[in-house]
Each structure stands twice: as structure tokens, then as C-alpha cells.
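Here is the structure we will look at.
Rule-based calculations on the coordinates, nothing more; no lab input. The structure presented is a predicted model; accordingly, all values stated were derived computationally and were not measured. Cβ atoms come from the backbone with ideal geometry, glycine included; neighbour counts cover every protein chain shown.
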Amino acid sequence: MTTEAVRRVQSGNPWEESFGSARAVAAGDRVLVAGTTAFRGEVLHGEGDPYEQAKEAFTIALEAIGAFGLGIESVIRTRVHLAHVRDVDEAGRAHKELFDSVRPVTTLLVVEGFVDPRVLVSVELEAFRGAVTS
């Protein structure tokens, strides 16, 4: 794969600068979206609500693949990281509402926590830039 085949998108998230990372990277027929929370700038959307945080985090991640001309139908993998096992059902409800018609492979993990303790959910996406079939 040549360097020209790889494209990176920044979102302006301060962690991208401090860690030297991108929000999303397209390489060949895949677009990978980094761990995404419900933060927009300094504002955490859905504070205290895992359902709202999951929906907002996935919305931000979907915007990242939108920079490559892709939509929800291109999503082939999701990962959901939760701070608490008690939030599985609410995060799952948000995931189902968004992805039920697409049915990507999904991994759900409960982690020890996040850098900001108000964050309950972090998500990742992988999208395919080729023809999508069911």
C-alpha cells in the first residue's frame, strides 16, 4: 500500500494533538475511526446517561466516516467500551437504534474507566469503502 492510499482526518479533539493521532484513517478499502466519546469541544453530551452518550459518540464517529463519503450502511464493525456493566442495556439500545438495519459485527467491553470519569461510553467504527451486500 502506498502512502497516497492512506488519508487521515482530524476532528480537532485535543487528544489527537497530544497523542499524535487522527479521528479516522482511510487505508485501502477500510476506514477506521478511533475511540470516540460524547465530547464536542469542551461539552460532554449526555452526562450521566449511557444511552445518550452512546448515541452521541456514534453520531460523531459516523460524521468521521462521512468525511470519506461513507454512511451508516458502510459500517462493518463497531466496538463499545463501557465504564460500568450496568450500562450494557442502554448502550445496546442506542446501538440497535442506529445499526439494526446494518448489523455490523460488534464487540462490547467493560473497561476500568476513562481519562475523564464522566465518560461512560467510548465507541469505535470500521467501515468498508467497497460495494456493500447483505
Among (1) out of contact with any helix residue (DSSP H, G or I) (no Cβ under 6 Å at 6 or more places or on another chain); (2) over 29 Å from R7 (Cα atoms), L120 falls short only on (1)
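Please tell me if A127 is in contact with a Leu (Cβ under 9 Å, 6 or more places away or on another chain), within 25 Å of G28 (Cα to Cα), of a type outside the set (S, T, Y) and part of a strand (DSSP E or B).
On the way: in contact with a Leu (Cβ under 9 Å, 6 or more places away or on another chain): yes; within 25 Å of G28 (Cα to Cα): yes; of a type outside the set (S, T, Y): yes; part of a strand (DSSP E or B): yes.
Considered against the rule, which asks whether it is in contact with a Leu (Cβ under 9 Å, 6 or more places away or on another chain), within 25 Å of G28 (Cα to Cα), of a type outside the set (S, T, Y) and part of a strand (DSSP E or B), A127 comes out as yes.
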Could you pull out the residue among E112, E126, E90, E97 that is among the charged types (D, E, K, R) and under 18 Å from V33 (Cα atoms)? E126
Wholly within the range 24-83, which strands (runs of 3 or more DSSP E) include no fewer than the required count, namely at least 3 residues that are under 11 Å from the mean Cα position of the chain (by Cα) and under 21 Å from K96 (Cα atoms)? 30-36, 75-82
For residues in the range 88-119 being loosely packed, with under 13 Cβ neighbours inside 10 Å and among the acidic types (D, E), which is farthest from E52 (Cα to Cα)? E112
Would you confirm, using the coordinates I've provided, whether R86 is among the basic types (K, R), part of a loop (DSSP other than H, G, I, E, B) and either over 13 Å from the mean Cα position of the chain (by Cα) or within 29 Å of V6 (Cα to Cα) (or both)? no
